[in-house]
Amino acid sequence: MPRRPEDLIRGAIEVGTIQTMYQRLVQVIDHPLSSAADVGKVISEDPGLTARLLRLVNSPIYGFPSRIDTVTQAISIVGMTQLRDLAIGTSFMRLFSNVPSHLVDMDSFWRHSIACGLTARQLAAHRREANVERFFVAGLLHDIGRPIIFMRAPLEAASALLESSRTGDLLFQVEQKLLGFHHGSVGSALLERWRLPGLLVDGAAWHHAPRLATRFPAETAVVHVADVIANALELGSSGEHQVPAFEPAAWDLLDLSPSILPGLIKQVETQFVHAVAAILGPVH
């Protein structure tokens, strides 16, 4: 049995291309003489990623009046940093091809992740955050540790799913009991190892306990609230079949009126079909 989250992520999946791309994008964006074309050139080296990004920015989620045909054009409209974050987030969709299908439907897993990302993006927009795409990615990757548990500790994962179903306990609590840690610790260890932004690391680590997030408390609160809403809407599933406990203090930290929720939920449900079609392919 694995002793630490690090035991699961060691050699878990081939991530060199994602990590390399992220570091290259950071270098290009940070260079004072870089242009949108320079950033676009890095992203355009991956045709699959380019197609996904263009489908996404041309979807009704963004509602741009005219069609965007190139990554460079998308960068000039969406922003360099924003498109970088979208590029990294959506690149994860190609990973985890070896997750046992009897433990989780990865299509459903990514649907839940997309729903959480869209909800986090909407909450961030209401908070007037400068880069709402980073919140989308934080929501998209919040459960990234769970498929690693399914791949690297399948017996414990199967036991956790059975016990959660039998007792009604939340799956992350059963993971903690059986493994000594849960998927949040695994996901954050992975994202930290790849040197991805701290907001993404903390969103994965503390989305079930936002009160413990000290570096990015408000941002983690956004991911927590988004996860609860996405689970309640039953838009996909990461393997969890209960709605996680909601921390009222996290909502208070967002400083938003509850009156925004009906409109926000309607927006998420409308955008969900378009986001899934853009990122995963048409909804069946």
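The values are calculated or read from the model by the stated rules, or taken from the named source; none is laboratory data. All values reported here derive from a predicted model rather than from experimental measurement. Cβ: placed from backbone, ideal geometry, glycine included. Neighbour counts: every protein chain shown.
As a summary of the residue check, E219 satisfies the conditions (1) under 28 Å from W251 (Cα atoms); (2) of a type outside the set (F, W, Y); (3) surrounded by fewer than 20 Cβ atoms within 10 Å (Cβ to Cβ) except for the one numbered (3). Taking the criterion of being buried (at least 18 other Cβ atoms within 10 Å of the Cβ) and more than 18 Å from Q173 (Cβ to Cβ), the residues of the range 224-249 that qualify are V225, A226, I229, A230, L235, G236. Checked across the range 157-174, the condition of being under 17 Å from the mean Cα position of the chain (by Cα) and not hydrophobic (A, V, I, L, M, F, W, C) holds for no residue.
Quick grid of which residues meet (1) at pLDDT below 90; (2) among the aliphatic types (A, V, I, L, M); (3) under 19 Å from L196 (Cβ atoms):
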| residue | (1), (2), (3) |
| --- | --- |
| T81 | yes, no, yes |
| A87 | yes, yes, yes |
| M93 | yes, yes, yes |
| Q122 | no, no, no |
| R128 | no, no, no |
| F135 | no, no, yes |
| A138 | no, yes, yes |
| P147 | no, no, yes |
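Considering only residues in the range 187-216 that are charged (D, E, K, R) and within 13 Å of L141 (Cβ to Cβ), the one that is surrounded by the fewest Cβ atoms within 10 Å (Cβ to Cβ) turns out to be E192.
Filtering the range 42-57 to residues that are more than 20 Å from the chain's Cα centre (by Cα) and either in a helix (DSSP H, G or I) or small (G, A, S) (or both) leaves V42, S44, P47.
The residues of the range 58-77 that are under 19 Å from A125 (Cβ atoms) and either of a type in the set (D, E) or touching a residue at least 60 places away in the same chain (Cβ under 8 Å) (or both), listed by number, are S59, P60, I61. Residue check: V132 meets all listed conditions (1) among the β-branched types (V, I, T); (2) buried (at least 21 other Cβ atoms within 10 Å of the Cβ); (3) more than 19 Å from L8 (Cα to Cα) but one, namely (2). Could you name every one of the helices (runs of 4 or more DSSP H) located completely within the range 163-282 that has at least 3 residues being of a type in the set (V, I, T), out of contact with any Gly (no Cβ under 8 Å at 6 or more places or on another chain) and farther than 27 Å from L25 by Cβ? Of the helices (runs of 4 or more DSSP H) lying wholly inside the range 163-282, those with at least 3 residues that are of a type in the set (V, I, T), out of contact with any Gly (no Cβ under 8 Å at 6 or more places or on another chain) and farther than 27 Å from L25 by Cβ span 217-233, 261-279.
Filtered by the rule that a residue be surrounded by fewer than 24 Cβ atoms within 10 Å (Cβ to Cβ) and free of Cβ contacts under 8 Å to residues at least 60 places away in the same chain, the range 145-160 gives P154, L155, A158, S159.
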